[in-house]
Amino acid sequence: MNICDRPKNTNIKWSLPAVCFVWQLSMIILFGVFVRYNEESDTHWVDYRKEKNITSDIENDYYFRYPSFQDVHVMIFVGFGFLMTFLKRYSFGAVGFNFLVAAFGIQWALLMQGWFHSLDYTDGKIKIGIENLINADFCVAGCLIAYGAVLGKVSPVQLLVMTLFGVTLFAVEEYIILNVLHAKDAGGSMVIHTFGAYYGLSISWVLYRPNLDRSKHLNGSVYQSDMFAMIGTLFLWMFWPSFNSAIADHGDGQHRAAINTYLALASTVLTTVAMSSLFEKTGKLDMVHIQNSTLAGGVAVGTAAEFMLSPYGSLIVGFFCGIISTLGYIYFSPFLEEKLKIQDTCGIHNLHAMPGVIGGIVGAISAAAATNTVYGDLGLENTFDFTGPFAKRVPTIQGGYQAAGLCVALCFGIGGGIFVGLVLKLPIWGDPADENCFDDEIYWEVRQVFFFLLTFYRFFSIKAIT
Amino acid sequence: MNICDRPKNTNIKWSLPAVCFVWQLSMIILFGVFVRYNEESDTHWVDYRKEKNITSDIENDYYFRYPSFQDVHVMIFVGFGFLMTFLKRYSFGAVGFNFLVAAFGIQWALLMQGWFHSLDYTDGKIKIGIENLINADFCVAGCLIAYGAVLGKVSPVQLLVMTLFGVTLFAVEEYIILNVLHAKDAGGSMVIHTFGAYYGLSISWVLYRPNLDRSKHLNGSVYQSDMFAMIGTLFLWMFWPSFNSAIADHGDGQHRAAINTYLALASTVLTTVAMSSLFEKTGKLDMVHIQNSTLAGGVAVGTAAEFMLSPYGSLIVGFFCGIISTLGYIYFSPFLEEKLKIQDTCGIHNLHAMPGVIGGIVGAISAAAATNTVYGDLGLENTFDFTGPFAKRVPTIQGGYQAAGLCVALCFGIGGGIFVGLVLKLPIWGDPADENCFDDEIYWEVRQVFFFLLTFYRFFSIKAIT
Amino acid sequence: MNICDRPKNTNIKWSLPAVCFVWQLSMIILFGVFVRYNEESDTHWVDYRKEKNITSDIENDYYFRYPSFQDVHVMIFVGFGFLMTFLKRYSFGAVGFNFLVAAFGIQWALLMQGWFHSLDYTDGKIKIGIENLINADFCVAGCLIAYGAVLGKVSPVQLLVMTLFGVTLFAVEEYIILNVLHAKDAGGSMVIHTFGAYYGLSISWVLYRPNLDRSKHLNGSVYQSDMFAMIGTLFLWMFWPSFNSAIADHGDGQHRAAINTYLALASTVLTTVAMSSLFEKTGKLDMVHIQNSTLAGGVAVGTAAEFMLSPYGSLIVGFFCGIISTLGYIYFSPFLEEKLKIQDTCGIHNLHAMPGVIGGIVGAISAAAATNTVYGDLGLENTFDFTGPFAKRVPTIQGGYQAAGLCVALCFGIGGGIFVGLVLKLPIWGDPADENCFDDEIYWEVRQVFFFLLTFYRFFSIKAIT
């Protein structure tokens, strides 16, 4: 593809505004045609309550899910945004483009997921409530994971394109996994993490830059940027119990999902620290591992979070994920880059891909092993929704469908990623040259030089001032 | 006013402690005389429950509003505090004085708003619960907006005076708008943003500093300070749905307000990015716009958040606010400073004043356009509280009262601001000289020079250590 | 102890991984043997609901406590973690070791507290739900407070040992105070703050380093590190109402605890600012006071938070704590270090120890002063749990038991701290030499030098790039 070898032009003065305006206008039109409030967010709620004999406003789904929703919202915008600020000169791009991509993605996700899940066939409208907002945030999480693989190497226009396709693919694979296969995936180990990670890795593979080491001096962290990244890490870590329980069943479902995730994450921290220390000279810890691998347990417990995984089961999952994820940073990432030509800036293979697959497998096994003794008759039915057309499904069969769901997520991730990668290879998107990667100067007004001059100025004049 | 031209003395060793102690003691006395728990936070709740036949503790208003309250609380202290840290040498002042002002303001607001809204006439006491705490935070938000206009140019004593008067004025205009006019303003586009912004701008106009460019070298950001400001931006952005829904009606009211705000904010991000890119060379983005204009949609959807604005309506409001607010930073702010002599450090005219007025207008129009078909009979009555003395009011009339409310907010903001500005012009408050503005050294112990020396030290001795 | 004077070896390549792996494996085994879901987080909840005639899933304890739990979780990991980042070169250690210690501590706390409080004697299992997670976070808070005293002077292995013993001691003293003495301590002024602070101070006393001034140049803050610390301060400050109300009684108990804490904290901010300004030249403020003393009111109102302290009572408590805590930083901390040989890096004596003791005393007095007139008959019984074996206890007696509880907390803190300090004095834990304290280079891979070179590089090449 000779066309791709032209010198890079990072001027996005027309393409970025054009994409933003046109897509936002399209959103307005599509929302105008399709999107309405559902019965719990509409003023007719008062009538609905009477009709359904609901005793109190507190039983509006809003009160079951709003606290979790806000936690998830923080994970998407501060969690993912700040986690990616670890690069010394790409913090604006990390947090700013994350913001842009997520703000577009949630709108498009409300539509795409709405058509598949919330369409009211009586009037052809999508009816939205708090659960839709959570699902839109979830959908965007998949695209932000993918952003991690290409961080610093793409233009904001490419990111928007990636998100447009990513959300679309997500909605389809989600529909297949959750509705057609009737697999369960409360925390999205398969639907979000496996899909998102392989989507991003495949794109990065197609966009492979053989001369990326020309901007090697910027592909690393400094003290302050590592501290900003820890803000992201901690908000992700703390609110992950809300992530995995946000759309779980009311009552024990949400309660159990929160407990399982809390425990898995705690366990992961200890094994991550152990591995990090073991592989560095004199037992020092590496911030890259602490920032990322400590989160792997949350990913891996996603699918099984609402199952009766039991507390020690959660600890075991977290235990192994901390080890595997840290080993990933030490061994697999260099291997991926050198042998498979996959440049993975944030190491999403270690944080999302491997733990996501593990999560899918754990989900399949624990579903297959579910028994009436442990769950209770009603509990089993509730947890796996063995109702309606699925009334006769049994746990062992469910386990098979869970495994099938994992395969679907993988296929959509890899296939979709390759396709979108080829689209993004077109030389029209304003991506940076190899020597300008990981540099905020390309897409942002940066005033850094003042700081240096100011320091000098202060140093020589500090006595005069005070 | 010759007295105002004396050389500046920024020693606040006596004035600041005196104001803090005296005012805090006054608060204790006034709270002792006036403030008690309401029936939901008092130990008699158990009797009240029986009397009112409330089936469960979960119907205590605390459970409806506490999650939103905490989100609002974060917006006030971290959101506003960090948003203003963007200046390279005024981060302590931004976050620290914001903290001080808010901590005083919420106490005074509980009293002022209590006298107007929560006075129990049987015993002459103000009865407080969770909703009062939220309203106190809201009231303080108005003063913090005003702080944005004078950031870096006033002393903490002046800020406390500004807050004392600001909260007082706020409580009166709020009473007129919400109770006398019976206008609705769940998210405070008029009551909070319009009032607060014009209050601050008027003060800044009275305190105009012709020689402010003497501290021009400090009136800008650096890389790290822009990152800290993004913490503020994101927490404001993420929790704005809680802000606009915190005191909305239980059930569908809170639910709908959250959805509308979520959508308006998403839309604003895209148009802000588009405009920022369009007006910078080679399409680069400006952090000032991303930090501020992305929030304009939340301001503008405040009044109408609990109305049946419909999802696409929210997107439209956000769409235009992103454009207008960004244009404000590019064109109006320089105009305000040069022609109208209004120096607006944070650009609150673009983030709060214009979007606030738009929010008031959107509220008036959408109230006037409300119909029984869309809202349902009971829904219309609930949403606009067409009960008691207002039982016969119709939507078109309501629209008129909404517009009147906007005018009241404007008048109180401008009139009050001019008066308070004149008070603050007295040369007794310890404000900095023109050449010392935007500098933390004036009011804070700063240890910055160590950092520079340390860097040198490390540079030459790094090998010896490791 | 001559053995303790050997040259320091900070290589923890084997000890840290070994401790992490062995302890985490022990946790898995103990959880496997002992820990199960309780009736509200188990799939049998649906049967339990029917049996107990619970009308809605919303009455699951999860919905009463989950929002508070998440706020407490943020306080533990971001609040404590970032509060301690104020040192110029120990931010990784502050936030990273805080993370490690808390992740281990919550697991061990679930077991220790479980055996004392949540053991189901029918099957010998600990049954956990959301309240256990909150209590585990609380327990860890005690250990993190203790970490503040030894910050920068111990190895991560020592911290883990401190946490192992700390959690164990905590669970025992908590059992004695809450169950045997039947004292009330919703916000843990005694159980958490008094115990944790004296535990840490005693350890620091035993580990006294006479030559600590060899790393004096690193024992202080810089501008950026002070800003990171403010993130911790504010999240602690904002979410403290959730901390004190998290395990309070459903309904009015949680509601009142939140209001009391909100008010006490607001009051503390003003007196802290006043004192800080009064004792610095020209009335400047000191970030150390703003970061720490503003929180003292939350500590001191912990025990009495759910009592009918009344709003002005809370303000009074906050008023004095701001004064005392700030005076502590100015006068007591140097005294402690010079005369009592207690080196207290974060000043936990001023933030936790003194306010904690005050909180215990306030709790005892307000319990003793409780009357049926103020509380109501049922309210008094509910608030103090005068049921079962304690049905005949009266408020004055309760006051005595509260005071006894404070003594227990003090004894466990001091006694336990001296014992653990002696254990930590063994020369096997990899703690740093006196000249290497407060330095991240010892335990972390640090890439700081790049930043300096980069600044140079940028300075000379900035034109070439743009």
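Is at least one residue of the stretch B:305-319 over 30 Å from A:E39 (Cα atoms), part of a helix (DSSP H, G or I) and either of a type outside the set (D, E, K, R) or away from every other protein chain (no Cβ under 11 Å) (or both)? Checked against the condition, which is being over 30 Å from A:E39 (Cα atoms), part of a helix (DSSP H, G or I) and either of a type outside the set (D, E, K, R) or away from every other protein chain (no Cβ under 11 Å) (or both), the stretch B:305-319 yields no hits at all.
Does B:L285 meet the test of being within 25 Å of B:F69 (Cα to Cα), of a type outside the set (S, T, Y), in contact with a Leu (Cβ under 9 Å, 6 or more places away or on another chain) and crowded, with 24+ Cβ neighbours inside 10 Å? So B:L285 fails the test.
Filtering C:T85, C:T10, C:T55 for residues that are of a type outside the set (K, R) and over 29 Å from the mean Cα position of the chain (by Cα) leaves a single hit, C:T55. When every residue of the stretch B:297-317 is checked against the conditions, none turns out to be among the aliphatic types (A, V, I, L, M), within 21 Å of the chain's Cα centre (by Cα) and farther than 17 Å from B:T261 by Cα. Just for helices (runs of 4 or more DSSP H) wholly inside the stretch C:212-303: which have at least 3 residues that are in contact (Cβ under 8 Å) with a residue 12 or more places away in the chain, within 9 Å of chain B (Cβ to nearest Cβ) and closer than 19 Å to B:V95 by Cβ? Of the helices (runs of 4 or more DSSP H) lying wholly inside the stretch C:212-303, those with at least 3 residues that are in contact (Cβ under 8 Å) with a residue 12 or more places away in the chain, within 9 Å of chain B (Cβ to nearest Cβ) and closer than 19 Å to B:V95 by Cβ span C:223-245, C:252-278, C:287-292. Apart from one condition, B:L278 fits all of (1) surrounded by fewer than 24 Cβ atoms within 10 Å (Cβ to Cβ); (2) of a type outside the set (S, T, N, Q); (3) over 30 Å from B:T371 (Cβ atoms); (4) touching a Phe, Trp or Tyr at 6+ places or on another chain (Cβ under 7 Å); the exception is (4).
So that you can scan it fast, the table gives a plain yes or no per residue for (1) more than 14 Å from every other protein chain (Cβ to nearest Cβ); (2) modelled with pLDDT under 95:
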residue: B:G379; (1), (2): no, yes
residue: B:F386; (1), (2): no, yes
residue: B:P389; (1), (2): yes, yes
residue: B:R393; (1), (2): yes, yes
residue: B:G400; (1), (2): yes, no
residue: B:V408; (1), (2): yes, no
residue: B:C411; (1), (2): yes, no
residue: B:G416; (1), (2): yes, no
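Quick check on the stretch A:138-154. Is at least one of its residues within 11 Å of another protein chain (Cβ to nearest Cβ) and either among the polar types (S, T, N, Q) or surrounded by 23 or more Cβ atoms within 10 Å (Cβ to Cβ) (or both)? Looking for residues that are within 11 Å of another protein chain (Cβ to nearest Cβ) and either among the polar types (S, T, N, Q) or surrounded by 23 or more Cβ atoms within 10 Å (Cβ to Cβ) (or both), one finds at least one in the stretch A:138-154, hence yes. Filtered by the rule that a residue be more than 8 Å from every other protein chain (Cβ to nearest Cβ) and touching a strand residue (DSSP E or B) at 6+ places or on another chain (Cβ under 7 Å), the stretch B:40-92 gives B:F86, B:L87. If you go through the stretch C:25-47 and keep only what is modelled with pLDDT of 95 or more, buried (at least 23 other Cβ atoms within 10 Å of the Cβ) and hydrophobic (A, V, I, L, M, F, W, C), you end up with C:M27, C:F31, C:V35. Restricted to the stretch A:347-424, the set of helices (runs of 4 or more DSSP H) holding at least 2 residues that are crowded, with 23+ Cβ neighbours inside 10 Å and touching a Ser or Thr at 6+ places or on another chain (Cβ under 6 Å) comprises A:354-368, A:395-424.
Tell me yes or no: at least one residue of the stretch B:206-229 is under 18 Å from the mean Cα position of the chain (by Cα) and not hydroxyl-bearing (S, T, Y). Yes. B:V35 meets each of the listed conditions (1) under 25 Å from C:E381 (Cβ atoms); (2) within 8 Å of chain C (Cβ to nearest Cβ) apart from (1). Screening C:F279, C:F332 for residues that are more than 30 Å from B:G430 (Cα to Cα), at pLDDT below 95 and among the aromatic types (F, W, Y) leaves exactly one candidate, C:F332. Would you confirm whether or not the stretch B:2-15 contains a residue that is part of a helix (DSSP H, G or I), out of contact with any Asp or Glu (no Cβ under 7 Å at 6 or more places or on another chain), surrounded by 19 or more Cβ atoms within 10 Å (Cβ to Cβ) and of a type outside the set (G, A, S)? No, because not a single residue in the stretch B:2-15 is part of a helix (DSSP H, G or I), out of contact with any Asp or Glu (no Cβ under 7 Å at 6 or more places or on another chain), surrounded by 19 or more Cβ atoms within 10 Å (Cβ to Cβ) and of a type outside the set (G, A, S). Condition check: touching a residue at least 60 places away in the same chain (Cβ under 8 Å) and either among the small types (G, A, S) or under 28 Å from B:G166 (Cα atoms) (or both). Does B:N436 satisfy that? Yes; evaluated as a whole, the condition is true for this residue.
Residue-by-condition table, conditions (1) more than 10 Å from chain C (Cβ to nearest Cβ); (2) at pLDDT 95 or above; (3) surrounded by fewer than 22 Cβ atoms within 10 Å (Cβ to Cβ); (4) in a helix (DSSP H, G or I):
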site: B:V95; (1), (2), (3), (4): no, yes, no, yes
site: B:N98; (1), (2), (3), (4): no, yes, no, yes
site: B:V101; (1), (2), (3), (4): no, yes, no, yes
site: B:G105; (1), (2), (3), (4): no, yes, no, yes
site: B:L110; (1), (2), (3), (4): no, yes, no, yes
site: B:Q113; (1), (2), (3), (4): yes, yes, no, yes
site: B:D123; (1), (2), (3), (4): yes, no, yes, no
site: B:I126; (1), (2), (3), (4): no, yes, no, no
site: B:L133; (1), (2), (3), (4): no, yes, no, yes
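The values are calculated or read from the model by the stated rules, or taken from the named source; none is laboratory data. Quick caveat: nothing in here was measured; it's all calculated off a predicted structure. We place every Cβ from the backbone using ideal geometry, glycine too, and count neighbours over all the protein chains shown.
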